[in-house]
Amino acid sequence: MAPSANANLSFFQNELKGFVHKRVKDKTVAEDILHDVFLKVQAKIGQLQDTEKITGWIYQITKNTIIDHFRKESKTIYAGDLDWENDAPNFNACVSGYLNRLFPTLPDMYREALQLTEIENLSQTELAERLGISYSGAKSRVQRARQMLKEKMDEVLIVRTDAYGNAIVCEDRKSCC
């Protein structure tokens, strides 16, 4: 390679490194990304159809590599980042445990309706067909079963949920009142 070509390549590499560093704010990560870019460029150079557009093509590969980095980073959980000592209790599991204990206490016809719709995923239309009752009767039975279960839960638990329906408080009424 001629000296001027080497100088141009070195200038371009530094320019590209600055482009990456500006977006990731970490010199080491920028160098890793730049390394990945050059590997991709080398592997895909045969796909480049218009050599006059090589700079834009390399910048597009660089942008995509940066995006891939952030996607991968957002899915990565490091063990050191987890607070094992102060892990928040799973209140959804608390509610689920109580539901499992209270479910068998429902009258048979209501327990069966909930079992088939909520656990076995039958639609209410399929429930009506299976039980030989009208659709409105099946719908009413499921609603009553849910209401009975909710009332039983309210008797034994204080449950508060967030905007997403996740339990954020699950307290036994006997121990707190």
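Could you list, in their original order, any pairs among 152/174; 22/63; 17/72; 27/63 whose Cα atoms are separated by more than 18 Å? Result: 17/72 exceed 18 Å. With a simple spin-label model that places each label point 7 Å from the Cα along the Cα-to-Cβ direction, the separation between residue 133 and residue 45 comes to 7.4 nm.
So if I take the centroid of the Cα atoms in segment 130-177 and the same for segment 11-47, what is the distance between those two points in Å? First find each Cα centre; the distance between them is then 55 Å.
Full extension of the chain segment joining residue 150 with residue 68 gains 25.0 nm, where the gain is 0.36 nm per residue of separation less the Cα-Cα distance.
Only the coordinates and a few stated rules stand behind these numbers; no lab work does. Since we're looking at a predicted model, the values are computed, not measured. Positions of Cβ are generated from backbone atoms using ideal geometry, with glycine treated the same way; all protein chains shown enter the neighbour counts.
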